[in-house]
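For reference, the structure is listed below as structure tokens.
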Amino acid sequence: MTNNFVFEPDLAAKKIYITREFDAPVEKVWRAWTEPALIERWIAPKPWTAETKTWDFTVGGVWLYAMVGTDGQRFWVYAVFTAIENGSAISTTGMFCDGDGNPVAGGPKSYRDTKFLSLDGNRSKVASVITFEEESTIKMFMDGGFKQGTAASFSNLDELLAAE
Amino acid sequence: MDIRRDIYQAIADPTRRAILTLLTVGAMTPNAIAGHFGSSRQAVSKHIQILAECGAVDQDQRGREIFYQLNINKMKEIDHWMESFRKLWQTRFNQLDDVLKDL
């Protein structure tokens with residue numbers, strides 16, 4: 001069963017397009033993206049784990065979680081929900097965090113729009129567009145809050161991912 | 001003061017992206033580069049300086065003239081990082097497949 005994973009950066013437009021199909025109905029995929037206990041089971045690449053600190057799934061609400069390394073190191077991910085269409089779409093604005101998970105005022109932002117689509121045969125598709133601000137650097141966001149200057153952690157992740 | 005910039009700042013600006021595209025054809029002098037843009041020579045010169053600080057371009061002194069050329073290895077950093085970001089999402093989605101099986 002092909003899952004049609006697409007990862008397409010458009011650096012000139014400062015956008016990354018990510019799509020993936022799932023062998024599950026869209027209702028289940030929506031739950032997996034909107035229930036913290038379920039999100040924690042897939043958002044951090046193993047053996048990293050995820051810990052939700054704040055989850056307020058309303059427009060203007062905050063989602064703050066940490067990806068925790070085996071050495072206890074934390075990378076905070078802070079996002080504000082900017083639009084929610086129940087069962088079909090979520091938009092978030094990602095903000096840069098300090099080591100305690102506090103967003104950095106005036107720091108660069110990223111924007112993610114995710115759509116959830118139903119496919120034939122009890123399948124579904126998730127399509128995300130991540131947009132970066134003009135003067136922000138794409139690397140700073142890595143979506144996972146992997147912060148600028150944590151080169152060692154980057155290479156850790158590289159090794160980790162290479163081992164997958 | 002030694003200003004450390006990273007390669008992503010090089011591509012954050014449209015003029016700098018255009019300069020990098022120009023340099024894919026070959027090394028050029030600042031004057032030749034500026035000739036391709038409507039903005040002032042000083043503005044273009046500032047962009048070239050930032051590109052040099054990012055490590056995106058190298059200087060090559062030829063006689064009395066300075067040529068700028070692309071630093072290919074540095075540009076590969078972007079590809080490298082993109083690849084790790086792609087793998088992160090691939091891994092997440094594979095883990096999500098497992099979560100969905102249990103739901």
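The values are calculated or read from the model by the stated rules, or taken from the named source; none is laboratory data. Being a predicted model, the structure only gives us computed values, none of them experimental. For neighbour counting, all protein chains shown are included, and Cβ atoms are generated from backbone atoms with ideal geometry for every residue, glycine included.
At-a-glance table
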{"quantity": "Subset of the stretch A:115-127 (residues that are within 18 Å of residue A:9 (Cβ to Cβ) and crowded, with 17+ Cβ neighbours inside 10 Å)", "calculated": "A:126"}
{"quantity": "Of residues in the stretch B:1-23 being closer than 26 Å to residue B:80 by Cβ and more than 14 Å from every other protein chain (Cβ to nearest Cβ), the one surrounded by the most Cβ atoms within 10 Å (Cβ to Cβ)", "calculated": "B:23"}
{"quantity": "Number of positions in the stretch A:40-65 that are among the aliphatic types (A, V, I, L, M), surrounded by fewer than 21 Cβ atoms within 10 Å (Cβ to Cβ) and within 22 Å of residue A:98 (Cα to Cα)", "calculated": "2"}
{"quantity": "Subset of the stretch A:63-79 (residues that are of a type in the set (Val, Ile, Thr) and either touching a residue at least 60 places away in the same chain (Cβ under 8 Å) or out of contact with any Phe, Trp or Tyr (no Cβ under 8 Å at 6 or more places or on another chain) (or both))", "calculated": "A:77"}
{"quantity": "Any pair with Cβ under 6 angstrom, 6 or more apart, that starts in the stretch B:59-77 at a residue that is within 23 Å of residue B:8 (Cα to Cα) and ends at one that is among the aromatic types (Phe, Trp, Tyr)", "calculated": "B:60/B:67"}
{"quantity": "Residues being assigned to a loop (DSSP other than H, G, I, E, B), more than 19 Å from residue A:128 (Cα to Cα) and not charged (D, E, K, R) - total across the stretch A:59-96", "calculated": "7"}
{"quantity": "Any hit, the stretch B:85-102, residues being in contact (Cβ under 8 Å) with a residue 12 or more places away in the chain, crowded, with 17+ Cβ neighbours inside 10 Å and facing chain A (nearest Cβ under 9 Å)", "calculated": "no"}
{"quantity": "Complete set of residues in the stretch B:22-47 that are among the β-branched types (Val, Ile, Thr) and in contact with a helix residue (DSSP H, G or I) (Cβ under 7 Å, 6 or more places away or on another chain)", "calculated": "B:33, B:44"}
{"quantity": "Output for the stretch B:69-103, where each listed residue is out of contact with any Asp or Glu (no Cβ under 7 Å at 6 or more places or on another chain) and within 23 Å of residue B:46 (Cβ to Cβ)", "calculated": "B:70, B:74, B:75, B:77, B:78"}
{"quantity": "Cross-chain or 6+ apart pairs with Cβ under 6 Å, the stretch A:32-45 first and more than 9 Å from chain B (Cβ to nearest Cβ), then crowded, with 17+ Cβ neighbours inside 10 Å and at pLDDT below 95", "calculated": "A:40/A:50"}
{"quantity": "Count - residues of the stretch B:49-58 that are without any contact (Cβ under 8 Å) to a residue 40 or more places away in the chain and in contact with a strand residue (DSSP E or B) (Cβ under 6 Å, 6 or more places away or on another chain)", "calculated": "2"}
{"quantity": "Scan of the stretch A:8-21 for residues that are more than 8 Å from chain B (Cβ to nearest Cβ) and either free of Cβ contacts under 8 Å to residues at least 24 places away in the same chain or assigned to a helix (DSSP H, G or I) (or both), ordered by number", "calculated": "A:8, A:10, A:13"}
{"quantity": "Qualifying position, being within 14 Å of chain B (Cβ to nearest Cβ) and either β-branched (Val, Ile, Thr) or touching a strand residue (DSSP E or B) at 6+ places or on another chain (Cβ under 6 Å) (or both), among A:24, A:50", "calculated": "A:50"}
{"quantity": "Per-region count, the stretch A:22-58, residues aromatic (Phe, Trp, Tyr), within 15 Å of residue A:84 (Cα to Cα) and in a loop (DSSP other than H, G, I, E, B)", "calculated": "1"}
